[in-house]
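**Student:** To start, I am sharing the structure in question, which I have written as structure tokens.
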Amino acid sequence: QEGSHRLPSSQCMVVLLGSTSVGKSSLAYRYVKNDFRDSLPTVGCSFFTQMLNLEVASIKFEIWDTAGQEKYHSVCHLYYRGAHAALLVYDITNKETFNRAKLWLRDLEKEFLPDEILIALVGNKTDLAGEREVATEEGEEFARTKGLLFMETSAKSSHQVNDTFMAIAQELLQREREEASHHGLLTADLEESRTGTRCC
Amino acid sequence: MAADVHKKKGWEVPNGSLAPGDGQHAERSESPTPGLAQGTEPGAGQEGAMFVHTRSYEDLTSPEDGAAAARSPEERRGEPAELTSMEQISKDFSELSTQLTGMALDLEEEMRQSKEGKLEPSPQTTRRDSVLSGKEEEDVTMDAWRMHRKHVFVLSEAGKPVYSRYGSEEALSSTMGVMMALVSFLEAEKNAIRSIHADGYKVVFVRRSPLVLVAVARTRQSEQEIAHELLYIYYQILSLLTWTQLNHIFQQKQNYDLRRLLAGSERITDNLLDLMAHDPSFLMGAVRCLPLAASVRDAVSTSLQQAKAKSLVFSILLSGNQLVSLVRKKDQFLHPIDLHLLFNLISSSSSFREGEAWTPICLPKFNSSGFFHAHISYLEQEMDLCLLLVSTDREDFFTVSDCKRRFQERLRRRGVQHALQEALRTPFYSVAQVGIPDLRHFIYKSKSSGLFTSPEIEAPYVQEEEKERLLGLYQYLHSRAHNSSRPLKNIYFTGPRENLLAWVRAVCSIWVSLSSLVLHGRAVGEWHNTGVAPSPCAVLLGVSLHPCAREGWAGIAVGAGELRHRGLCHVLL
Ligand SMILES: Nc1nc2c(ncn2[C@@H]2O[C@H](COP(=O)(O)OP(=O)(O)OP(=O)(O)O)[C@@H](O)[C@H]2O)c(=O)[nH]1
Ligand SMILES: [Mg+2]
């Protein structure tokens, strides 16, 4: 059964958005290198790739780690234009970054139709529980009302970082399958996505 | 004021265009020669405009209050008319080499006074000579913040702080008050003041609407050199925002707080200021080359040339702050200032170590109104080799990223990776390799290529202060050589700790530090009189030179090919 349902490997563009120093680069670094180190603010944007091999498919993540600094906001839309998924990252110890994440969402909603992009709300730095300013429920509730995936992570302790990307991959695969069955499409069409850039 | 400001904007006319030109001619240069702009004299071009109208404080006030009479001897010495005799230069130099450690000043107090128009040092605020003479107990009473050798502030014309080099919050609040007063003072005086000289320090203003840049320096740099550094800071800000955006912002809102937009970039500016204090590149207005066998460099350059793309304007390979190779699109030139800004950007951010960066960047000397898009990445994880691909098209990331892949593949196929790796292990050469006894250090700059070569700074310049002192000496020589009212082509100094030579010509310049013994002993009898002054430089570089020295000099000056042959520098003459 597995063999016959295995999807061709596909590319999946993920963009990390959020205020400066919420830990976007640290999350990307943790996911790609499985390591954590003190990082400096990103200049412009950094691009990473990472293969994820699932039973049913292998996915090549193309990760755009954007700079949260205000001066780069004007160019950010460049990076999320072709994205299949967006991680809206905030710092759970800084309420302001949560509010900023909401603004990012508004930007995304302007750019994409509801089912065009998968959005995950990510509260980072759970290792700093003592300084928490945004309750888990608050994030969860907001994500629920907006139909976003929700995760709390720590790039430092590695908490839920892999799971976040895994969840995105699973969800995208799921959507792909639904779309395929919805249109009654079969393997031949899936083959096409091998060459296209559209994900999964 | 506005009119005055606009009058001075002539230099801002872009000297290049972001457009890659019409497609057919958009080929890359056939030659692997680094495409640096010609005529790269530091201070050439734009700065001239600024200083033409310079009037010192004394000029403005001496008729009324006789401030001129109160000027210190040191200050008067700074005047062109008195810079003429070699004797004087020599005297200055010995003073300089013993006094470069500087002196303590109550800057803030001084500046308050300047605001009130009383510039002459009052008894309370004159230098405290003893303070810095190594007495430890005085350290505790010193305000460390005030002791920095060079403060740099950037403000908006509305007086809002934009940047402060040593910006502790408390220090900032009081200082910015003074700065604001100064700015309004500038305003009141119709922009007349460019610098204030006081006992042992200079306050230099550069106004580039909508910003005002201020340096408070205890270094012995000339006003022009300090202003030149301030301009670098200005360009640094432009490289992040573009001139167009900067102006647009302040047209919209005069008292905009620019710190918001520059947040997170302070370290880039800090790094630039630190670099300028240590690296002669900025003084020379040239770029240092990584020593590398010519064949290897040629292979690298060819590989870079072959990995081209339509939108690619410059492909640059660098290691540390040294250029390995630069390839450019035909007819496009990269100004050393722009290249320095790129080097600084890369050296001040570790974030480029991971992944591939894609960032908008303005190259203000090329075109201050638009952004390029730079692809920045390190070739190998553990190798200090950074590839910088500058594209005109922000959508072109994947094409440019593929250029990187192709470049690496070519390198591999040409089998030069190993040689490159070897070269990176010894990124500096020893002055002993040049083979001149008593030669301590030199800088050789080729003006046509905008490159310079220089050996590692070795003994006796081991300590950080000694290194800075050496650079200070070069700065001093440089300011003398390029003094606008009396430029010098040959300079020779006998100092207590070393002898210095400067030899400045249209195609190249050489700056040398020799052991203080050398010329007294060996070559003293062979001095030539070139008509300006006894100039051992001319002798050393030319005819009647001591045989053993001549051979070495040939390596630096006459046969620059020699250096290329030894891989010390890419293209020199
Ligand atoms: N304690 C803790 N610190 C973190 C965590 N993630 C990141 N940091 C720290 O937060 C700071 C900022 O992290 P970055 O990853 O550079 O933040 P960023 O979102 O990429 O910032 P920009 O690139 O400016 O947008 C760094 O000092 C990190 O070490 C985390 O999970 N826990
Ligand atoms: Mg980052």
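**Student:** Taking the stated definitions as given, is residue A:49 at the interface with chain B (Cβ under 9 Å from one of its Cβ atoms) and more than 16 Å from ligand 1 (Cβ to nearest atom)?
**Tutor:** In short, yes.
**Student:** Would you kindly identify the helices (runs of 4 or more DSSP H) lying entirely within the range A:1-102 that contain at least 3 residues that are within 11 Å of ligand 2 (Cβ to nearest atom) and modelled with pLDDT of 90 or more?
**Tutor:** A:24-33
**Student:** Just the residues that are within 14 Å of chain A (Cβ to nearest Cβ), buried (at least 21 other Cβ atoms within 10 Å of the Cβ) and not aliphatic (A, V, I, L, M), please, taken from the range B:356-366.
**Tutor:** Answer for the range B:356-366, where residues must be within 14 Å of chain A (Cβ to nearest Cβ), buried (at least 21 other Cβ atoms within 10 Å of the Cβ) and not aliphatic (A, V, I, L, M): B:358, B:359, B:360, B:362.
**Student:** Taking the condition of being more than 14 Å from chain A (Cβ to nearest Cβ) and either crowded, with 24+ Cβ neighbours inside 10 Å or within 16 Å of the chain's Cα centre (by Cα) (or both), how many residues in the range B:332-342 meet it?
**Tutor:** 7
**Student:** Criterion first (under 22 Å from residue B:321 (Cβ atoms) and modelled with pLDDT under 90) does residue B:266 satisfy it?
**Tutor:** In short, yes.
**Student:** Let me ask something else about it. From B:377, B:351, B:369, which residue is within 20 Å of residue B:239 (Cβ to Cβ), assigned to a helix (DSSP H, G or I) and either open to solvent by 40 Å² or more (accessible area, probe 1.4 Å) or within 16 Å of ligand 2 (Cβ to nearest atom) (or both)?
**Tutor:** Answer to the selection: B:351.
**Student:** For residue B:344, all conditions in the list (1) modelled with pLDDT of 95 or more; (2) in a strand (DSSP E or B) hold save one; what is the number of the exception?
**Tutor:** (2)
**Student:** Specify which of the listed residues (B:324, B:313) is in contact (Cβ under 8 Å) with a residue 24 or more places away in the chain, in contact with a Phe, Trp or Tyr (Cβ under 9 Å, 6 or more places away or on another chain), more than 16 Å from ligand 2 (Cβ to nearest atom) and open to solvent by less than 10 Å² (accessible area, probe 1.4 Å).
**Tutor:** Testing whether each residue is in contact (Cβ under 8 Å) with a residue 24 or more places away in the chain, in contact with a Phe, Trp or Tyr (Cβ under 9 Å, 6 or more places away or on another chain), more than 16 Å from ligand 2 (Cβ to nearest atom) and open to solvent by less than 10 Å² (accessible area, probe 1.4 Å) leaves just B:313.
**Student:** Which residues, taken from the range A:114-138, are among the β-branched types (Val, Ile, Thr) and not in a helix (DSSP H, G or I)?
**Tutor:** Result: A:117, A:119, A:122, A:134.
**Student:** Exactly one of these conditions fails for residue B:436: (1) modelled with pLDDT of 80 or more; (2) on the phi < 0 side of the Ramachandran plot. Give me its number.
**Tutor:** (1)
**Student:** Could you please find all residues in the range A:109-128 being more than 26 Å from residue A:79 (Cβ to Cβ) and open to solvent by 60 Å² or more (accessible area, probe 1.4 Å)?
**Tutor:** The one that is more than 26 Å from residue A:79 (Cβ to Cβ) and open to solvent by 60 Å² or more (accessible area, probe 1.4 Å): A:127.
**Student:** In the range A:180-193, is there at least one residue being modelled with pLDDT under 95 and either among the β-branched types (Val, Ile, Thr) or under 21 Å from residue A:21 (Cα atoms) (or both)?
**Tutor:** Narrowing the range A:180-193 to residues modelled with pLDDT under 95: A:180-193.
Remaining after also requiring either among the β-branched types (Val, Ile, Thr) or under 21 Å from residue A:21 (Cα atoms) (or both): A:187.
Checked against the condition, which is being modelled with pLDDT under 95 and either among the β-branched types (Val, Ile, Thr) or under 21 Å from residue A:21 (Cα atoms) (or both), the range A:180-193 yields at least one hit.
**Student:** Taking the range B:331-368 as the region of interest, how many residues are touching a helix residue (DSSP H, G or I) at 6+ places or on another chain (Cβ under 7 Å) and among the charged types (D, E, K, R)?
**Tutor:** 3
**Student:** In addition: Return the residues of the range B:241-256 that are open to solvent by less than 50 Å² (accessible area, probe 1.4 Å), under 20 Å from residue B:158 (Cβ atoms) and within 14 Å of chain A (Cβ to nearest Cβ); say none if nothing qualifies. Steps first, please.
**Tutor:** From the range B:241-256, those open to solvent by less than 50 Å² (accessible area, probe 1.4 Å) are B:241-242, B:246-247, B:249-250, B:256; that's our starting set.
From the residues that got through so far, the ones that are under 20 Å from residue B:158 (Cβ atoms) too are B:241, B:246-247, B:249-250, B:256.
B:241, B:246, B:249, B:256 - these are the residues of the range B:241-256 that are open to solvent by less than 50 Å² (accessible area, probe 1.4 Å), under 20 Å from residue B:158 (Cβ atoms) and within 14 Å of chain A (Cβ to nearest Cβ).
**Student:** Let me ask something else about it. Run down A:135, A:143 and say which single residue is touching a Leu at 6+ places or on another chain (Cβ under 6 Å), hydrophobic (A, V, I, L, M, F, W, C) and modelled with pLDDT of 95 or more.
**Tutor:** After applying the criteria, what remains is A:143.
**Student:** Going residue by residue through the range B:297-307, is there one that turns out to be under 28 Å from residue B:444 (Cβ atoms), open to solvent by less than 30 Å² (accessible area, probe 1.4 Å), within 14 Å of chain A (Cβ to nearest Cβ) and not aliphatic (A, V, I, L, M)?
**Tutor:** No, because not a single residue in the range B:297-307 is under 28 Å from residue B:444 (Cβ atoms), open to solvent by less than 30 Å² (accessible area, probe 1.4 Å), within 14 Å of chain A (Cβ to nearest Cβ) and not aliphatic (A, V, I, L, M).
**Student:** Which of the residues spanning the range A:53-83 are farther than 19 Å from residue B:356 by Cβ, within 12 Å of another protein chain (Cβ to nearest Cβ) and of a type in the set (D, E, K, R)?
**Tutor:** Selection gives A:70, A:71.
**Student:** Is the range A:115-125 home to any residue that is among the basic types (Lys, Arg), near ligand 1 (Cβ under 10 Å from one of its atoms) and over 22 Å from residue A:171 (Cα atoms)? Before you say what the answer is, go through the steps one by one.
**Tutor:** At the first step, the residues of the range A:115-125 found to be among the basic types (Lys, Arg) are A:125.
Filter once more, keeping what is near ligand 1 (Cβ under 10 Å from one of its atoms): A:125.
Keeping just the survivors that are over 22 Å from residue A:171 (Cα atoms) gives A:125.
Yes, that holds for at least one residue.
**Student:** Which one of these is closer than 30 Å to residue B:166 by Cβ and among the small types (Gly, Ala, Ser): B:286, B:294? Quick ask: steps written out before the conclusion?
**Tutor:** Values: B:294 fails: closer than 30 Å to residue B:166 by Cβ.
Exactly one residue qualifies, and that residue is B:286.
**Student:** May I ask you to list the residues in the range B:374-391 that are modelled with pLDDT under 95 and out of contact with any helix residue (DSSP H, G or I) (no Cβ under 7 Å at 6 or more places or on another chain)?
**Tutor:** B:380, B:381, B:382, listed by residue number.
**Student:** Now for a different question. One residue is enough: does the range B:347-354 have a residue meeting the conditions within 23 Å of residue B:284 (Cβ to Cβ) and touching a residue at least 40 places away in the same chain (Cβ under 8 Å)?
**Tutor:** Scanning the range B:347-354, I find at least one residue that is within 23 Å of residue B:284 (Cβ to Cβ) and touching a residue at least 40 places away in the same chain (Cβ under 8 Å), so the answer is yes.
**Student:** For the subset of the range A:110-161 comprising residues that are within 16 Å of ligand 2 (Cβ to nearest atom) and among the hydrophobic types (A, V, I, L, M, F, W, C), which member is nearest to the other protein chains (Cβ to nearest Cβ)?
**Tutor:** Only one residue tops the list, namely A:155.
**Student:** From the list B:436, B:457, pick out the single residue that is farther than 30 Å from residue B:306 by Cα, over 22 Å from the mean Cα position of the chain (by Cα) and not in a helix (DSSP H, G or I).
**Tutor:** Unique residue meeting the criteria: B:436.
The values are calculated or read from the model by the stated rules, or taken from the named source; none is laboratory data. Since we're looking at a predicted model, the values are computed, not measured. Cβ atoms come from the backbone with ideal geometry, glycine included; neighbour counts cover every protein chain shown. Quick note on the areas: whole protein, heavy atoms, side chains included, nothing else; ligands and nucleic acids left out. Shrake-Rupley method; radii C 1.70, N 1.55, O 1.52, S 1.80 Å.
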